[in-house]
Amino acid sequence: MNILKTTFLMTILTVLLVVAGQALGGQSGAMFAFMFALAMNGFSYWFSDKIVLKMYRAQPVTAHEAPMIYGIVSELAQKTKMPMPKVYVIENPTPNAFATGRNPKNAAVAVTTGIVDLLNREELTGVIAHELSHVRHRDILIGTIAATVAGAISMLANMAQWAMLFGGFGRSDEREEGGGGIFGAIIMMIIAPIAAMLIQMAISRSREFAADAGAARMTGNPMGLVSALRKLQEGNKRVPMQASPATAHMFIVSPLNGSGVASLFSTHPPMDERIKRLEEMAYGHR
């Protein structure tokens with residue numbers, strides 16, 4: 001179900017790019033914005049693991065230095081026949097964790113000292129299984145594609161705004177041939193970037209649900225992850241992390257708080273819904 005939802009959302013995002021491209025920049029403008037966004041996110045795809053690990057001052061550890069964490073990662077990697085990811089520890093009291101890497105061969109799992117102190121082995125196994133599920137499902141790639149398309153749409157809107165300021169908007173033959181007119185373009189300029197961001201966030205939330213389900217199947221113990229998520233939710237409220245919004249989607253629990261309308265732009269589903277779905281898996285309701 002999560003795969004179908006992700007595919008549907010990616011399709012809608014692509015259609016939005018085509019429509020916005022015709023309305024705001026014509027074919028040439030849309031192509032320029034897409035290629036620029038592709039180049040920027042391509043760089044991020046290849047080097048984001050190193051950038052993020054350095055940003056949070058993550059330190060690589062060995063089996064001798066962090067036997068429990070390293071052992072859990074090793075056991076789950078062997079169980080799922082994945083290459084052994086690199087293991088990092090972040091000196092930070094906030095309990096959290098993330099995985100990064102463009103594919104299973106170049107993956108890394110990072111945990112904070114706060115999560116190691118807070119959770120027991122069973123709970124940590126659920127958390128690490130969640131992160132390895134992201135790697136197995138190639139969620140880094142999916143997120144990069146979504147960011148590329150959403151970034152291209154936002155760039156088109158910015159280009160159109162600058163064109164209006166300098167009086168160049170509305171003179172493009174390609175845009176006039178694409179239809180919609182200047183009024184439609186102005187409406188698209190406002191709505192398209194917001195819609196793209198909402199869809200991108202919905203894709204991220206869908207992948208979180210998929211990683212939770214994948215972790216439950218990987219460990220055969222959904223309630224271990226349920227217990228971990230409950231503790232992590234409270235732990236992040238008590239000790240908030242100073243995290244960049246650009247990397248919030250990577251963590252198992254969002255370091256950013258949002259409710260009401262702001263939750264529409266959240267990279268993570270509501271915690272109650274995540275727990276509910278895992279409990280249904282544990283008790284055989286789905």
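Numbers below:
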quantity: Verdict on ILE128 being among the aliphatic types (A, V, I, L, M) and under 21 Å from GLY220 (Cβ atoms); calculated: yes
quantity: Residue within segment 36-53 that is in a helix (DSSP H, G or I) and at pLDDT 90 or above present; calculated: yes
quantity: Given (1) assigned to a helix (DSSP H, G or I); (2) over 22 Å from the mean Cα position of the chain (by Cα); (3) surrounded by fewer than 24 Cβ atoms within 10 Å (Cβ to Cβ), number of the condition LYS81 does not satisfy; calculated: (1)
quantity: Residue ID - surrounded by the fewest Cβ atoms within 10 Å (Cβ to Cβ), chosen from residues in segment 90-123 that are touching an Asp or Glu at 6+ places or on another chain (Cβ under 9 Å), in a loop (DSSP other than H, G, I, E, B) and modelled with pLDDT under 95; calculated: ARG102
quantity: In segment 233-245, the residues that are part of a helix (DSSP H, G or I) and within 25 Å of ALA147 (Cβ to Cβ); calculated: ASN236, PRO245
quantity: Test: residue in segment 106-115 that is of a type outside the set (D, E, K, R) and under 19 Å from PRO222 (Cα atoms); calculated: yes
quantity: Qualifying residue in segment 272-284 (condition: at pLDDT 95 or above and either touching a Ser or Thr at 6+ places or on another chain (Cβ under 7 Å) or crowded, with 21+ Cβ neighbours inside 10 Å (or both)); calculated: yes
quantity: Some residue of segment 59-77 being over 24 Å from LEU278 (Cα atoms), surrounded by fewer than 17 Cβ atoms within 10 Å (Cβ to Cβ) and modelled with pLDDT under 95; calculated: no
quantity: Number of positions in segment 134-189 that are modelled with pLDDT under 75 and part of a loop (DSSP other than H, G, I, E, B); calculated: 9
quantity: Qualifying residues in segment 1-21 (those that are crowded, with 19+ Cβ neighbours inside 10 Å and farther than 15 Å from MET155 by Cβ) - the one modelled with the lowest pLDDT; calculated: THR6
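The values are calculated or read from the model by the stated rules, or taken from the named source; none is laboratory data. Owing to the predicted nature of the structure, the values given are computational and were not obtained by experimental measurement. With ideal geometry, Cβ positions are generated from the backbone for all residues, glycine too; neighbour counts draw on all protein chains shown.
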